[in-house]
1. Within segment 159-174, is even one residue modelled with pLDDT of 90 or more and either under 16 Å from the mean Cα position of the chain (by Cα) or assigned to a helix (DSSP H, G or I) (or both)?
2. What are the residues in segment 169-188 that are free of Cβ contacts under 8 Å to residues at least 60 places away in the same chain and either among the basic types (Lys, Arg) or more than 20 Å from Thr149 (Cβ to Cβ) (or both), if any?
3. Can you find even one residue in segment 42-54 that is part of a helix (DSSP H, G or I), at pLDDT 80 or above and not small (Gly, Ala, Ser)?
4. Regarding segment 131-145, can at least one residue be identified that is under 27 Å from Thr247 (Cβ atoms), of a type in the set (D, E, K, R), touching a helix residue (DSSP H, G or I) at 6+ places or on another chain (Cβ under 9 Å) and not in a helix (DSSP H, G or I)?
5. From the list Gly108, Gly52, Gly48, exactly one residue is among the small types (Gly, Ala, Ser), surrounded by fewer than 23 Cβ atoms within 10 Å (Cβ to Cβ), over 21 Å from Gly154 (Cα atoms) and touching a residue at least 12 places away in the same chain (Cβ under 8 Å). Which is it?
6. Could you look through segment 111-158, keep only residues that are buried (at least 18 other Cβ atoms within 10 Å of the Cβ) and small (Gly, Ala, Ser), and pick out the one that is farthest from Leu207 (Cα to Cα)?
7. In segment 75-88, is there at least one residue being of a type in the set (A, V, I, L, M), free of Cβ contacts under 8 Å to residues at least 40 places away in the same chain and at negative phi?
Amino acid sequence: MNFHGIRAIYLFEMARTWRTLMQSIASPVISTCLYFVVFGSAIGARMGDIDGVSYGAFIIPGLIMMSLLMHSISNASFGIYMPKFSGTIYEVLSAPISYAEILIGYVGAAATKSTILGLIILATARLFVPFEIEHPFWMLAFLLLTSITFSLFGFIIGIWADGFEKLQIVPMMVVTPLAFLGGTFYSLDMLPPIWQTVTLFNPVVYLISGFRWSFYGVADVHVGVSIGMTLVFLGICLAMVAWIFKTGYRLRS
């Protein structure tokens, strides 16, 4: 294992975060704070409890997860796309470093940035809404697992994209609607039976449900199913990355 090569890629990607601190950290934190103000304080004060949890506290896991998904994808996709765009990807591919080590460097940095962002948003949420974390270990586990899984997904998008526009298509046109319809602002029990069944085909439901369980011990889906679905998606992403490196899809041309 070439730890020097992994470290070089990892530190380079992390350094880009500190150079763009306003865009990478401040902007998503401020955006999420607006959700807390509008939905948590203004609207939440007029709504009753959901599963014994105040509405303001109920939406915290969903908002953190939504931000985590978007920025895990964004960080990883932009990180691998820029070397392709500038042509420096060939230097990385010709370096004495394996594909697995390249993947660890890029995805590790993207997952680290997303995890830090999630923890900052979690700390910021306490300024607006009081809440408790019933299972802190599982909260961190879901945070890390989601960051790694969707950083892998973002890595795939970054390789697939052949323009800056395509980097935004999947996050904006697919992931954002799935997050809004995945129980971020409501419990599935509030939906008619037919829509509860339809919503179960949304993979984001399992992420938000499991993450919410780690906070309050309540979930729309059993926590074991949530972990299993996340691991399945992680396995699919790993298989796709392995195929990309094996075939050189959009890396060698």
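1. Restricting attention to segment 159-174, the residues satisfying the condition of being modelled with pLDDT of 90 or more are 159-160.
Those left that are additionally either under 16 Å from the mean Cα position of the chain (by Cα) or assigned to a helix (DSSP H, G or I) (or both): 159-160.
Yes, some residue in segment 159-174 is modelled with pLDDT of 90 or more and either under 16 Å from the mean Cα position of the chain (by Cα) or assigned to a helix (DSSP H, G or I) (or both).
2. Listed by number, the list holds a single entry, Leu188.
3. The first filter runs over segment 42-54 and keeps only residues part of a helix (DSSP H, G or I), leaving 42-46.
Checking the rest, the ones that are also at pLDDT 80 or above come to none.
Checked against the condition, which is being part of a helix (DSSP H, G or I), at pLDDT 80 or above and not small (Gly, Ala, Ser), segment 42-54 yields no hits at all.
4. We begin by selecting, within segment 131-145, every residue under 27 Å from Thr247 (Cβ atoms); these are none.
Scanning segment 131-145, I find no residue that is under 27 Å from Thr247 (Cβ atoms), of a type in the set (D, E, K, R), touching a helix residue (DSSP H, G or I) at 6+ places or on another chain (Cβ under 9 Å) and not in a helix (DSSP H, G or I), so the answer is no.
5. Working: Gly108 fails: over 21 Å from Gly154 (Cα atoms); Gly48 fails: touching a residue at least 12 places away in the same chain (Cβ under 8 Å).
Only one candidate passes the filter, namely Gly52.
6. Looking at the filtered set, the residue picked out is Gly158.
7. First pass over segment 75-88, keeping only residues of a type in the set (A, V, I, L, M): 76, 80, 82.
Remaining after also requiring free of Cβ contacts under 8 Å to residues at least 40 places away in the same chain: 82.
This time we only want the ones that are at negative phi, so: 82.
Looking through segment 75-88, at least one residue is of a type in the set (A, V, I, L, M), free of Cβ contacts under 8 Å to residues at least 40 places away in the same chain and at negative phi.
The values are calculated or read from the model by the stated rules, or taken from the named source; none is laboratory data. Everything quoted here is computed from the prediction, not taken from an experiment. Cβ coordinates were reconstructed from backbone atoms using ideal geometry, including for glycine residues, and neighbour counts include every protein chain displayed.
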